[in-house]
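Novice: If you scroll down you'll find the structure; I have some questions about it.
Any read-out appearing in this document is the output of simple, stated calculations on the displayed coordinates, not a laboratory observation. On a predicted model such as this, the values are computed, not experimentally measured, just so you know. Please note: Cβ atoms are built from the backbone with ideal geometry, for glycine as well, and neighbour counts cover all protein chains shown.
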Amino acid sequence: MTSIEVHDLTKEYGGRRAVDHLTFAVRPGLVTGFLGPNGAGKSTTLRLVLGLDRATSGTATIDGRPYPELREPLRRVGALLDADAAHGSRTGRDHLRALAASNRIPAGRIDELLAETGLEPVARRRVRTYSLGMRQRLGIAAALLGDPEVVLLDEPSNGLDPEGIVWIRGLLRRLAAEGRTVLVSSHLMNETATFADHLIVLGRGRLLADTPVRDFIHARVRPAARVRTTDDERLAELLARHGQDAARGADGVWTVRHARVEDLGRLLADAAVPVLELTQEEATLEQAYLDLTAAEAEFTAQHHQEA
């Protein structure tokens with residue numbers, strides 16, 4: 001199946017390097033999350049892959065060929081970069097009809113996509129009357145119109161209601177299960193964790209990570225366990241004796257860093273310490289991402305101390 005290959009890709013704008021010798025591959029059968037702070041180069045990279053900008057050096061290819069060399073590209077690659085790309089005076093149906101006609105796509109495919117994206121009730125309304133969520137759905141319909149092997153989506157959840165967010169998760173998983181190559185740019189870490197198998201993370205135009213999601217999280221954030229007991233004194237003595245890094249919160253719950261509940265549970269049971277609560281605090285993608293990119297963000301909020 002088709003993959004996206006980026007090799008030593010560099011893009012400069014007036015002396016500013018937006019993409020810096022970037023190399024990675026996006027493989028079929030997976031949902032790959034494309035992450036990075038504002039200004040990291042994600043949008044520029046997507047534009048280079050789609051032939052909308054010309055690289056200063058390096059290459060970006062789809063199935064071994066640059067995008068401009070693909071015949072009937074909508075049948076090979078589907079992309080959503082801008083929810084406002086559709087002409088506001090056209091109806092949603094007419095927007096898809098124009099795309100289908102220009103790429104020799106059967107008209108019946110339009111009805112399939114309108115149904116799949118939930119746009120049938122508003123298909124004959126002008127796009128300028130659509131909400132942001134409706135425009136997002138129309139952009140996704142346009143991306144999928146040619147039944148492409150490669151799908152690139154930039155912030156597809158933007159503007160969607162909760163039902164729409166659940167729908168896009170299922171859609172992405174299904175596309176990957178069908179063997180397609182799926183690349184999704186997002187700034188929503190916890191949302192990305194619900195659908196992504198693999199991550200590519202950029203910072204200031206450079207590659208920071210290219211790894212499975214679970215490996216990325218476990219490599220950067222250690223787990224912790226929460227414990228609540230009726231005998232804080234015995235628990236504190238036990239944890240200290242076994243060299244556990246623990247602290248008691250104001251709510252009476254102990255946080256034991258770098259601990260797994262199965263190991264801690266055996267320790268508490270052997271010592272007959274009464275337990276009211278023992279739960280695992282799993283590391284999150286958001287924690288791992290922030291740990292990695294803390295020094296890479298172009299724009300950060302200033303923290304002011306109170307007088």
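Novice: With the cut-off at 1.5 for a/c, could you classify the stretch 1-40 from its C-alpha gyration tensor as rounded, prolate or oblate? Intermediate values should be presented prior to the final figure.
Specialist: Values: a/c = 4.03, a/b = 1.81, b/c = 2.23.
Oblate shape, in that a/c is at least 1.5 and b/c is the bigger or equal ratio.
Novice: If you don't mind, another one. Rounded if a/c is under 1.5, else prolate if a/b is larger than b/c, else oblate: which is the stretch 128-223, with a ≥ b ≥ c the root eigenvalues of its Cα gyration tensor?
Specialist: Working: a/c = 1.90, a/b = 1.63, b/c = 1.16.
Prolate shape, in that a/c is at least 1.5 and a/b is the bigger ratio.
Novice: With springs only between Cα atoms under 10 Å, which of Asp270, Asp53, Asp147 fluctuates most in a Gaussian network model of the chain?
Specialist: Asp270
Novice: Here is a follow-up. Using only Cα atoms, find the angle between the long axis of helix 162-177 and the longest principal axis of the chain, and express it within 0 to 90 degrees, rounded to the nearest 10.
Specialist: That helix lies at roughly 80 degrees to the long axis.
Novice: Which percent of Cα pairs goes in each bin when the distances of the chain are cut into 20 angstrom slices starting at zero?
Specialist: So the P(r) values, bin by bin, are 28, 46, 22, 4.
Novice: Here is a further query. With each run of n ≥ 4 DSSP H residues scored as -39500 (n - 2.57), what mean residue ellipticity at 222 nm is computed for the chain after dividing by its residue count and rounding to the nearest 500 deg cm²/dmol?
Specialist: -9500 deg cm²/dmol, from helical runs alone.
Novice: Hey, another quick one. Rank-order 180-186, 152-158 by packing density, defined as the average count of other C-beta atoms within 10 Å over each peptide's residues, highest first.
Specialist: Averaged packing, sorted descending, gives the order 180-186, 152-158.
Novice: Can I ask one more? With everything on Cα atoms, drop me the angle between helix 132-144 and the longest principal axis of the chain, reported from 0 to 90° to the nearest 10.
Specialist: 70
Novice: Give a residue-ordered list of calculated ³J(HN,Hα) values for the stretch 19-36 (Karplus: 6.51 cos²θ - 1.76 cosθ + 1.60, θ = phi - 60°; whole Hz; x for Gly, Pro).
Specialist: 10, 10, 6, 8, 9, 6, 9, 10, 9, x, x, 10, 9, 9, x, 10, 10, x
Novice: Pull out a ≥ b ≥ c, the square roots of the eigenvalues of the alpha-carbon gyration tensor of the stretch 222-282, then state rounded if a/c is under 1.5, prolate if not and a/b is larger than b/c, and oblate in the remaining case. Please report the intermediate quantities before stating the final value.
Specialist: Details: a/c = 1.31, a/b = 1.13, b/c = 1.16.
Rounded is the answer for the stretch 222-282, as its axis ratio a/c remains below 1.5.
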